[in-house]
Amino acid sequence: MAVDLDRIGRASLKELGDIRIDDVLSFIDRGIENMPSHMDLYRRWEAQQWAVADIDFSLDRQDWLEATDLDRKATLWSHRLFFNGEERVTATLAPFVWAAPTPEIEVFLSTQMVDEARHTVFFERWWREVCGTDAKDMTELLAEIRPEANEGYNTLFYERLPATAQRLASNPRDFDAFVEGVTLYHIVIEATIALTGQRFELEAMREQQLTDRGFYRGFTAIARDESRHVSFGIKVLQEAVREDPKRYAPLIQKTLVECLPLITGTLDPPDPRFITEYGHTESEIVQFAFDSLNKRLRAIGINLAA
């Protein structure tokens, strides 16, 4: 049956409980076939607003109190990566806005800053209302949960992404840095890592008939936001490659090749049971991530070969 993407695009938080993550990801595939303009993506942002304050986590809290030790550890591992990641991309996006080569790109990236901040608040609220914390503020909470992140994750979010943002802040007219940054931010982090994690976690919740939970609805809304961001990244890089393939195709390829081990490292759980106990394997998740990456690269007009 054909997916009603317009319905998904208009869906409220409550209605998102009836929507599968694979249908949300179809927004990206439709964009590949008929790439939206930057202002189209802005208008989609206007139509897809949602508020963290509207989410009810009461059933999630009940689930947490009844959860097994393994369920809690697996959930904390996943949510820790997303919470830290959302805060990191919020903190590093401003230089991308300053470096935007057109007003339309500047407008869209400004909406993305709002999205990333909202996602950060979503996870902070989940942490306080579902699993609980004694942290007095977000700074303390992030410091509390960060040590569990692995080396690949730390390299991406605490070294490479901030360094790219600093390079853009130092010289907003450096379009090479902008292309490299969009590759890292929108294609590696969002399209390959984040959407993969969202897809498998939301599917696991659907299989457990937990689609009426606040987390399911909010996380699906986050995935819908991310689909706009990824479409934006594909469009920017597609236009760069078409304008100067000899310059920008190798730059994108080089960035991706350098990040490949960081992708697999980030997706690697500290305990294999965090994946296998929920009906999946590590190789299945990594394969999905790289299949998704290759699909985006074909749309951009390149491949991973040097």
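Scan the range 84-140 for residues that are of a type in the set (Ser, Thr, Tyr), assigned to a helix (DSSP H, G or I), within 21 Å of residue 38 (Cβ to Cβ) and over 16 Å from the mean Cα position of the chain (by Cα) and jot them down. Quick ask: steps written out before the conclusion?
Of all residues in the range 84-140, those of a type in the set (Ser, Thr, Tyr) come to 90, 92, 102, 110-111, 120, 133, 139.
Filter again for assigned to a helix (DSSP H, G or I), leaving 90, 92, 110-111, 120, 139.
From the residues that got through so far, the ones that are within 21 Å of residue 38 (Cβ to Cβ) too are 90, 92, 110-111.
Once the filter is applied, which keeps residues that are of a type in the set (Ser, Thr, Tyr), assigned to a helix (DSSP H, G or I), within 21 Å of residue 38 (Cβ to Cβ) and over 16 Å from the mean Cα position of the chain (by Cα), the range 84-140 yields only 110.
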Quick one: residue 60 ticks every box in (1) in contact with a Lys or Arg (Cβ under 8 Å, 6 or more places away or on another chain); (2) closer than 24 Å to residue 238 by Cβ; (3) among the acidic types (Asp, Glu); (4) at pLDDT 85 or above bar one, so which box is it?
(2)
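State yes or no: is residue 145 on the phi < 0 side of the Ramachandran plot and crowded, with 21+ Cβ neighbours inside 10 Å? Give the steps one after another, and end with the answer.
Values: on the phi < 0 side of the Ramachandran plot: yes; crowded, with 21+ Cβ neighbours inside 10 Å: no.
Taking the combined requirement at face value, the residue does not satisfy it.
One line per residue, one yes/no per condition, for (1) over 30 Å from residue 166 (Cβ atoms); (2) of a type in the set (A, V, I, L, M, F, W, C); (3) free of Cβ contacts under 8 Å to residues at least 60 places away in the same chain:
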{"residue": "58", "(1), (2), (3)": "yes, no, no"}
{"residue": "71", "(1), (2), (3)": "yes, no, yes"}
{"residue": "88", "(1), (2), (3)": "no, no, no"}
{"residue": "92", "(1), (2), (3)": "no, no, no"}
{"residue": "115", "(1), (2), (3)": "no, no, no"}
Within the range 269-306, how many residues turn out to be among the hydrophobic types (A, V, I, L, M, F, W, C), surrounded by fewer than 17 Cβ atoms within 10 Å (Cβ to Cβ) and within 21 Å of residue 206 (Cα to Cα)?
1
Residue pairs qualifying under the 9 Å Cβ cut-off, at least six apart or on distinct chains, with the first in the range 262-281 being acidic (Asp, Glu) and the second being at pLDDT below 90, are 268/150; 268/152; 268/282
Do the conditions hold for residue 153, that is, is it touching a Gly at 6+ places or on another chain (Cβ under 9 Å), under 21 Å from residue 87 (Cβ atoms), at pLDDT below 95 and surrounded by 18 or more Cβ atoms within 10 Å (Cβ to Cβ)?
yes
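For the range 253-268, check the following and say yes or no: at least one residue is outside any helix (DSSP H, G or I), under 21 Å from the mean Cα position of the chain (by Cα) and either modelled with pLDDT under 90 or surrounded by 13 or more Cβ atoms within 10 Å (Cβ to Cβ) (or both). Give the derivation first.
So the first thing to find is which residues in the range 253-268 are outside any helix (DSSP H, G or I), and the list is 268.
Within this subset, residues satisfying the condition of being under 21 Å from the mean Cα position of the chain (by Cα) are 268.
Next, only the ones that are either modelled with pLDDT under 90 or surrounded by 13 or more Cβ atoms within 10 Å (Cβ to Cβ) (or both) stay: 268.
The answer is yes; a qualifying residue exists.
Taking residue 239, is it free of Cβ contacts under 8 Å to residues at least 40 places away in the same chain and part of a helix (DSSP H, G or I)? Talk me through it step by step, then tell me what you get.
Values: free of Cβ contacts under 8 Å to residues at least 40 places away in the same chain: yes; part of a helix (DSSP H, G or I): yes.
Answer is yes for this residue.
The values are calculated or read from the model by the stated rules, or taken from the named source; none is laboratory data. What you see is a predicted model, and the numbers here were worked out from it, not measured in a lab. All Cβ positions, glycine included, derive from the backbone under ideal geometry; neighbour counts span all protein chains shown.
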